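S.K.: Once you've had a glance at the structure underneath, I'll fire off some questions.
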Amino acid sequence: MAEEITESPNDPPQETPPTPPSEPEFDSKTMRRTKPGLKRLFLTFTVLVSFLLGFPFLFKSVEIYRSPLPFHDIDSLSNDVVSNPFLFPCHFQAILVPSDPKSSSIDLNLDELELSIRSKITKLASKGIASQCGACTNNFTLSLTLDDGDCTQSSSKFYKCGAIRAVDLDFGDDESVDEALESAGLDSGGKVYSVVVVVNGDGVEGVKVVVGKYRHAWIVGRDWGVEEVAERLAEIFVRVFVNGGREEGLIHGEFMPVGADGRIVLSFNLLNADPSDWTYDWDFQKIDETLLAPMIDALGPIANISVESQVMNHPCSLMIYGFLVNSNEWHLDTSIAAGGRSKILQFVVYVPSAKECPLLLQLPNGEISKTNAFISPMWGGVMVWNPQSCSRGSDSELLVRHIMSPEDLQKVFEVFVGQFRQLFGLKSGSLHVGAMGMYSLLASEKGFTEWELDVLSRQHTCFNIHSSATTLGSLSKLVQSLPRMIIMDEIGKQVKFSLEAAKLARVNASLGFYDASAVSSRQARSLAEDAFFHPSIMSVSYYSFEHCFAVYSPFFLPVSMHVLLAALREWRRYKQEKAKYLLWKAKEKVAS
């Protein structure tokens, strides 16, 4: 029998063991117990940063070199040309001399005469005569001298009293008078345009006006009045010395027979129409040395002129060659040196065949041309030269090569010089018809008189500076509109030197140095043209940034998008995993 054991009331109560803390509920989808690592994030962002660092090297590899251009100076030149036109200074002086100081006198008030001359010069300028660029009617000085033996009335600082004595001049011989006035030193070494007025001149009927080949003219006549003297002096000063004797004003710049590089190539061609009839040759070297060389030297400040010649023998007809008007149909060979931007002027001596000879040119008024020649503007000139014998030679003379006589050659090239003057816009004749009558113009052995060279220098200086400013302005706009255009250092230097030459030309023009200003302006235009037409500018590699993006995006855009999306995805994953870990840590902290 089992013994029943019962607890006594006096026994102590037994201790219950402690219950362990319960763990927080763990959700594997929203929590994680370990801290997310940075290795994947680091590797992903390392690839992204490496990719981004490669873009500067890419841009550097496709960078276009651009030499800095003085855009501000180019704009300043363009604005100055428009707002501040050239002010060429001109000095005019009139010298009144009695034919015989002992027996005649001049009853004229110089102050009244000066005011009248100034008003008439202004009036002519207001009519558009000599008011274009290259003129000097807005910046001139006028001085008058009455040389009656003591020069009591004189405002001239150039004329030496007593230098001219009318009794010593033979007004029947214009050449001797011209040389005598030149030796008198009317300009005192400066460029002064002088007109000598001989009052009560003996041996001259009416009024005789002659313009010399230097910078002076003379008027001989009787019974002068203030208004008549002022009218004639103003007309000579403005229409002749300033405007070059052209009624229509200065030549427009687009018709200048000078190339953009400041060069002219004179190509002389002797064209035998039918060598089976006769063949002619010429001694061109002699003409080049005696007639052309002085003219080329005189035009040196305006253009760099070179000369070439050739003799062409092949059956042809003058009518075939463009019907006398279309110069594009004249296929005349020129040397390689005549290429580029140089201006080529063709001068052709056409020797007709026996069936055409004598070939005479008829003017529009029905008269026969005295020179038997014509010009084609901006192309050159043609002269038809008929041999002395226009009958077909015998068989024994077919192979004989004839030489043009020096006399014929001299006449031919005198015509060519006249045509060359016409291409420059000057008169080819020796007379000028003015409002007050006809003036005689003396010819120079250089082909151009000194006052004509002054006109051309002023005119070409003005045109060259306008052209260089326009060219540089166009280059500036082009460069700024194409940020990826290649600009070599050579272009920068050419632009810089062009601006300096243009500035120097303006300074020389304001000081009255016509030749120096013409040379500087020619250099400015040539350098501007060289910069604008530089071969590197014509390259196809200066495409726009949009084009560059379109070219390289197919290569780099897919890779860059994958790298960027991978980095964003990895960053988002890391933030999610870190949020899970932080949530677990928070619940674990609450549970404890």
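The values are calculated or read from the model by the stated rules, or taken from the named source; none is laboratory data. All of these numbers come straight from a predicted model, not from anything done at the bench. Ideal geometry is used to build each Cβ from the backbone, glycine not excepted, and the neighbour counts take in all protein chains shown. What goes into the accessible areas is simple: the full protein's heavy atoms, side chains included, and nothing from ligands, DNA or RNA. Shrake-Rupley method; radii C 1.70, N 1.55, O 1.52, S 1.80 Å.
S.K.: Quick one: accessible surface of residue 496, probe radius 1.4 Å, all protein chains present, in square angstrom to the nearest 10.
M.R.: Accessible area, nearest 10 Å²: 110 Å².
S.K.: Could you tell me the calculated FRET efficiency between residue 126 and residue 46, based on Cβ-Cβ distance and R0 = 60 angstrom, to the nearest 0.05?
M.R.: Result of the calculation: an efficiency of 0.15.
S.K.: On to the next question. Given labels modelled 7 Å from the Cα in the Cβ direction, how far is it in nm from residue 547 to residue 119?
M.R.: 6.6 nm
S.K.: Taking the highest mean first, how do the peptides 71-80, 470-479, 455-464 order by number of other beta carbon atoms within 10 angstrom per residue?
M.R.: Highest-to-lowest ranking by the protection proxy: 455-464, 470-479, 71-80.
S.K.: Right, here's the next one. Starting from the Cα of residue 585, step 7 Å toward the Cβ, then list every residue of region 25-62 with an amide N under 14 Å from that point.
M.R.: Only 32-38 pass the distance filter.
S.K.: Here is a follow-up. Give me the number: length gained by fully extending residue 400 to residue 310, i.e. 0.36 nm times residue separation minus the C-alpha to C-alpha distance, one decimal in nm.
M.R.: Computed gain between residue 400 and residue 310 is 30.5 nm.
S.K.: Quick one: length gained pulling residue 592 to residue 408 fully straight, 0.36 nm per residue minus the C-alpha distance?
M.R.: 53.2 nm
S.K.: Could you tally the net charge around residue 534, taking each other residue with its Cβ under 12 Å from the Cβ of residue 534, Lys/Arg +1 and Asp/Glu -1?
M.R.: Here the charged neighbours net out to -3.
S.K.: Expected output is a single nm value to one decimal: the length gained when fully extending between residue 574 and residue 440, i.e. 0.36 nm times separation in residues minus the C-alpha distance. What is it?
M.R.: 37.9 nm
S.K.: Right, another one. Rounded to the nearest 0.05, what FRET efficiency do residue 179 and residue 222 give with R0 = 30 Å and r taken as the Cβ-Cβ distance? Could you check?
M.R.: 0.75
S.K.: Moving to a separate point now. Restricting attention to the alpha-carbon atoms of region 355-394, what are Rg (one decimal) and Dmax (integer), both in Å?
M.R.: Over region 355-394's Cα set, Rg and Dmax evaluate to 12.5, 41 Å.
S.K.: Another one. Need one number: nm distance between label points at residue 60 and residue 367, each 7 Å from Cα along Cα→Cβ, rounded to one decimal.
M.R.: Label at residue 60, label at residue 367, 8.0 nm between them.
S.K.: If the limit is 32 Å between Cα atoms, which of 123/191; 343/493; 213/286; 446/493 go over it?
M.R.: Going by Cα-Cα distance, 446/493 fall outside the 32 Å limit.
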